[in-house]
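Colleague: Can you keep this structure in mind? I'll have questions shortly.
Just so it is clear, none of the values below were taken in a lab; they were calculated from the coordinates. Because the structure is a prediction, the values reported are computed rather than measured. Here Cβ is always computed from backbone atoms with ideal geometry, including for glycine, and neighbour counts include all displayed protein chains.
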Amino acid sequence: MIAMRVETFIAEASDRLDRMIAMRLPELTRSAAQRLIESGQVWVNGAPVLRPAHRIRPGDQVTVQIPPPEPVDLIPEPIPLDILYEDEDVLVIHKPAGMVVHPGAGHTRGTLIHAILAHCPDLEGVGGVLRPGLVHRLDKETSGVLLVAKNERTYHFLQAQFKARTVRKVYEALVVGHPPREGVIEAPIARDPRYRKRMAVVPTGRPARTRYQVLKTYEGRWGRYAWLEVYPETGRTHQIRVHLAYVGYPIVGDPVYGRRTPLPCPRLFLHARAITVRLPSRSEPITFEAPLPSDLQEVLRILEEASLYG
């Protein structure tokens with residue numbers, strides 16, 4: 001049985017109640033926030049509020065009660081997996097770009113979870129109904145290393161490390177322009193108040209921090225680009241994409257936060273290359289790595305050639 005979840009926060013600005021909830025809790029759309037308010041699941045300063053348009057003032061305490069998701073039947077599907085490592089505790093997968101991680105609206109079949117359940121039938125129920133074994137996620141467009149806990153003990157052991165921010169994640173990204181050789185981006189992230197399917201840097205959003213360093217720069221017939229190693233220190237939705245676009249260096253191939261470039265790139269150039277964690281069965285941290293996929297290596301080859309020959 002999945003417990004009811006309760007989230008509480010203090011308002012830092014004046015806004016409509018439904019809009020503020022959607023901004024502070026990115027997993028909720030504004031319409032979902034409205035349904036929770038109208039069904040009596042939201043309190044302001046300890047009193048229930050039933051009007052989505054209720055005006056919130058700075059300092060107000062907002063409490064949101066989020067019911068567990070409706071149970072669904074997950075039917076395992078024998079989809080091939082690129083397994084990097086497996087033992088009795090974890091399954092480490094190289095997720096391909098274009099594959100949705102877990103079921104949701106419009107994605108009831110063919111997700112990574114369906115494939116994982118076919119490979120590990122005993123995972124059902126570990127860590128949640130819709131996300132069995134998952135302690136973190138990757139966007140559909142992002143490739144790279146993904147950890148799956150194979151039992152409850154490992155699930156909670158890994159989840160605690162993510163919450164404590166002791167997990168080290170390394171991404172590779174190709175961005176437009178030449179940023180400083182290294183940098184830190186600190187900017188709060190929440191739902192974009194104008195475009196609900198996007199995230200954005202919003203003053204009242206959740207704290208987010210991303211470090212990066214430049215591996216190589218390119219300049220030639222396709223324009224100016226930089227290949228980065230990126231280290232997200234928090235785990236907000238679309239964090240790396242939003243942060244790099246915010247400072248003026250959007251990721252190549254990003255259809256949401258980027259811009260058109262002449263460079264032929266088949267997809268979002270963002271890859272989760274490595275993750276370092278501790279496992280219950282090991283005394284020392286272990287690093288799992290997934291090499292840069294061939295389609296992204298080809299993009300770098302094209303840039304290298306253009307830089308050499310103009």
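Colleague: Just need a number here: residues in the stretch 156-179 that are charged (D, E, K, R) and touching a helix residue (DSSP H, G or I) at 6+ places or on another chain (Cβ under 6 Å).
Modeller: Our first condition is that a residue be charged (D, E, K, R); within the stretch 156-179, this holds for 163, 165, 168-169, 172.
Adding the requirement that they be touching a helix residue (DSSP H, G or I) at 6+ places or on another chain (Cβ under 6 Å) leaves none.
Total satisfying the criteria: 0.
Colleague: Tell me which residues, restricted to the stretch 259-310, are in contact with a Gly (Cβ under 6 Å, 6 or more places away or on another chain), among the hydrophobic types (A, V, I, L, M, F, W, C) and assigned to a loop (DSSP other than H, G, I, E, B).
Modeller: Cys265, Leu268, Phe269, Ala290
Colleague: I would also like to ask the following. Write out, first by first residue and then by second, each pair whose Cβ atoms fall under 9 Å of each other, whose residues are 6+ apart or on separate chains, and whose first residue, in the stretch 139-156, is closer than 10 Å to Leu268 by Cα while the second is of a type in the set (A, V, I, L, M, F, W, C) and part of a strand (DSSP E or B).
Modeller: Going by the 9 Å Cβ cut-off, the qualifying pairs are Glu141/Leu270; Thr142/Leu270; Thr142/Ala272; Ser143/Leu270; Ser143/Ala272.
Colleague: Does Thr154 satisfy being more than 26 Å from Ala97 (Cβ to Cβ), among the polar types (S, T, N, Q) and buried (at least 16 other Cβ atoms within 10 Å of the Cβ)? Talk me through it step by step, then tell me what you get.
Modeller: Values: more than 26 Å from Ala97 (Cβ to Cβ): yes; among the polar types (S, T, N, Q): yes; buried (at least 16 other Cβ atoms within 10 Å of the Cβ): yes.
Answer is yes for this residue.
Colleague: Mind checking which residues of the stretch 1-38 are part of a loop (DSSP other than H, G, I, E, B), polar (S, T, N, Q) and exposed (fewer than 15 other Cβ atoms within 10 Å of the Cβ)? Full working, then the answer.
Modeller: Here is the first cut: in the stretch 1-38, the residues part of a loop (DSSP other than H, G, I, E, B) are 1-4, 11-14, 25-29.
Now restrict to residues that are polar (S, T, N, Q): 14, 29.
The answer is Ser14, and nothing else.
Colleague: Among the residues of the stretch 77-93, is any within 23 Å of the chain's Cα centre (by Cα), closer than 18 Å to Leu28 by Cα and hydrophobic (A, V, I, L, M, F, W, C)?
Modeller: Checked against the condition, which is being within 23 Å of the chain's Cα centre (by Cα), closer than 18 Å to Leu28 by Cα and hydrophobic (A, V, I, L, M, F, W, C), the stretch 77-93 yields no hits at all.
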